[in-house]
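One structure below.
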Amino acid sequence: MKYILTLCGALFITLASYAQDAFTVESAVQYGLKNSTAVKMNNIDIARAEQDVKEYYAIGLPKINASSQYQHYLEIPVSFVPAEFFGGPPGTFAELQFGLSNTLVSGINFNTLIFDGSFFTGLKAQKLYRELTRKSINQTEFDIRKNITEAYVNVLIGLENIKILDKNLENLDQSITETRAFYENGFVEKLDVDRLELSYDNLVAQKKTIERVVELGKNLLKFQMNYPLEKEIILEQNLDDIVNVVLTEEVQLDEKPNYKLRPEYDALLLTQELNNINLKATRNGRYPSLTGFGNYQTQLQRNNLFDSDEPGFTPISIVGLQLNVPIYNGGSVRIKENKIKLDIEKTELQRKEFERGVNLQINNAYQQYLNAKEAVYSAKRRQALAEDIYDITLIKYKEGVGSSIEKSQAERELYTSQQQYMQALFDLVSSKIALDSASGKISKNTY
């Protein structure tokens, strides 16, 4: 019994390891956002930026240090004083030893920043840098959403192609069976059978190629999601769901794009604000700064450190203020200001160029989206016509009033129209993703 339970447990674990997870586009995106290594690294960067702010803030907090020092003179230093102070002849010196053999000093030192204009401005700059680091997550999430959506749609396109090929193979297999029967009864030539079998083999090879492409697409989707590559993945949505959303959505261009929907734009604005803060902090460095300090010590000096008859501890204490007034720094502050001003000018140019680029991206993507939408309707009409032509040609062929060449041509036109329709669907969804990405509107439940 114990063996059976162990075997069942091992089987359950094995099956669990091969369990399949099903995802919609949005759930795939959420999985990717939760498990993305890039997002996790960004979170570490944010945590580090928080520590940087605290580290900088600690500069302005009081500092207290305790110290203790023991000294033993192997030979007490000698000082020379005029001998005439002690009744000796003028011009000569007497040797005197000041101090005792052992000295023990213990104390506490205190200092604090009272005023420094550059410190408070620098603290604000640190907080802005922390916010800029946070914005990097928005950019990463934006890219993850875009990449996962594109990978998901690519797999759906491949799966839809396989469905079409399966249907074509089924129809072609039936046609081969019927044509072979006609051949065996002398109604058609063997060439007719060979043509159909060649078409069948071509479709089989094409299906195998697309199946491999789908597997590659699934692996790319798993990679974008940070999903285990060894596990199977199921796509809950089908291509029709997404295409219907795209086709029915009314897309209108805004009179003026909202650049702030793009995470890169927010980062540029924060960078410019950070440049201005750094310029202010550099200028504040020209002003005086004031610090306060205090020190308390107690000192023990004895020839015999443990002889209580000798003098005991004597205290020393001091408090004060220190004012630092910058007078001349060799022009380094002015040079630093000039460099920051150039950074401000450069960031402003980057902002304007980004706005121009976004306008171009949105307009181009919108035109491509409109073209793709029209192409879908056109390709769908062509496919419907090709299907009708193929059905009529097939009937004529079976009734003996149509040739095998006409049937083969109608078959090729049908396959071509199917491929064109699938390509049109792919272009439509891709152009919609590109438009949403350009305008910054890739959000939850878009597809």
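Just so you know, all these numbers are worked out from the coordinates, no wet-lab data involved. In this text, all values refer to a predicted model and were calculated from it rather than measured experimentally. Every residue, glycine as well, gets a Cβ built from its backbone with ideal geometry; the counts of neighbours run over all protein chains shown.
Structure values in brief
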{"quantity": "Cβ charges +1 (Lys, Arg) and -1 (Asp, Glu), total dipole of the chain, debye", "calculated": "1260 debye"}
{"quantity": "Radius of gyration and Dmax over the Cα atoms of the range 357-408, both given in Å", "calculated": "19.7, 62"}
{"quantity": "Nearest-20 debye value, the range 172-250 charge dipole, Cβ charges on Lys, Arg, Asp, Glu", "calculated": "400 debye"}
{"quantity": "Selection from LEU229, LEU274, THR209 lying farthest towards where the dipole of the range 206-284 points positive, charges on Cβ", "calculated": "LEU274"}
{"quantity": "222 nm mean residue ellipticity, helices alone, for the chain (DSSP H n ≥ 4; -39,500 (n - 2.57); rounded to 500)", "calculated": "-23500 deg cm²/dmol"}
{"quantity": "Tensor-based shape of the range 266-315 (alpha-carbon gyration tensor, a/c under 1.5 rounded, otherwise prolate or oblate)", "calculated": "prolate"}
{"quantity": "Rotationally averaged projected area of the range 73-138 (alpha carbon convex hull; nm²)", "calculated": "11.6 nm²"}
{"quantity": "Which of THR393, PHE354, VAL376, positive extreme of dipole for the range 334-434 (C-beta unit charges)", "calculated": "PHE354"}
{"quantity": "All lysines inside 26 Å of LYS256 as judged from Cα atoms, apart from same-chain residues fewer than 8 positions distant", "calculated": "LYS135, LYS146, LYS346, LYS352, LYS373, LYS432, LYS441, LYS444"}
{"quantity": "In the range 13-105, chymotrypsin sites (Phe, Trp or Tyr not before Pro) in a DSSP loop with at most 15 other beta-carbon atoms within 10 Å", "calculated": "TYR18, TYR73, PHE98"}
{"quantity": "VAL188 long-range amide H proximity, modeled H, under 5 Å", "calculated": "TYR183"}
{"quantity": "Listed residues GLN423, GLN139, GLY91: farthest to the positive end of the dipole of the chain (Cβ charges)", "calculated": "GLY91"}
{"quantity": "Relative contact order, percent, the range 70-222 [alpha-carbon distance under 8 Å, six or more residues apart]", "calculated": "18 percent"}
{"quantity": "12 Å beta-carbon shell around ASP143, net charge (K/R +1, D/E -1)", "calculated": "0"}
{"quantity": "Cα gyration tensor category, rounded, prolate or oblate, for the range 103-251 with a/c compared to 1.5", "calculated": "prolate"}
{"quantity": "Principal semi-axes in Å for the range 343-447 [√(5λ), Cα gyration tensor, largest first]", "calculated": "48, 12, 8"}
{"quantity": "The chain - percent relative contact order, Cα under 8 Å, separation 6 or more", "calculated": "22 percent"}
{"quantity": "Cα point-scatterer Debye curve for the range 195-237, base-10 log of I(q)/I(0) at q = 0.22 Å⁻¹", "calculated": "-0.73"}
{"quantity": "Residue-by-residue Karplus 3J(HN,Hα) for the range 327-332, coefficients 6.51, -1.76, 1.60, Hz, glycine and proline x", "calculated": "10, 8, 10, x, x, 5"}
{"quantity": "Sequence-distant residues sharing a close amide H with PHE23 (under 5 Å, placed H)", "calculated": "ILE234, LEU235, GLU236"}
{"quantity": "Relative intensity, log₁₀ I(q)/I(0), of the chain from a Debye sum that treats every alpha carbon as a point, q = 0.09, 0.13 Å⁻¹", "calculated": "-0.88, -1.22"}
{"quantity": "GluC sites (Glu not before Pro), loop per DSSP, at most 16 other Cβ atoms within 10 Å - longest free stretch of the chain", "calculated": "256-398"}
{"quantity": "Gyration tensor verdict on the range 21-156 (Cα atoms; rounded if a/c is under 1.5, prolate if a/b is larger than b/c, oblate otherwise)", "calculated": "prolate"}
{"quantity": "DSSP-loop chymotrypsin sites (Phe, Trp or Tyr not before Pro) across the range 245-338, with at most 11 other Cβ within 10 angstrom", "calculated": "PHE306, TYR328"}
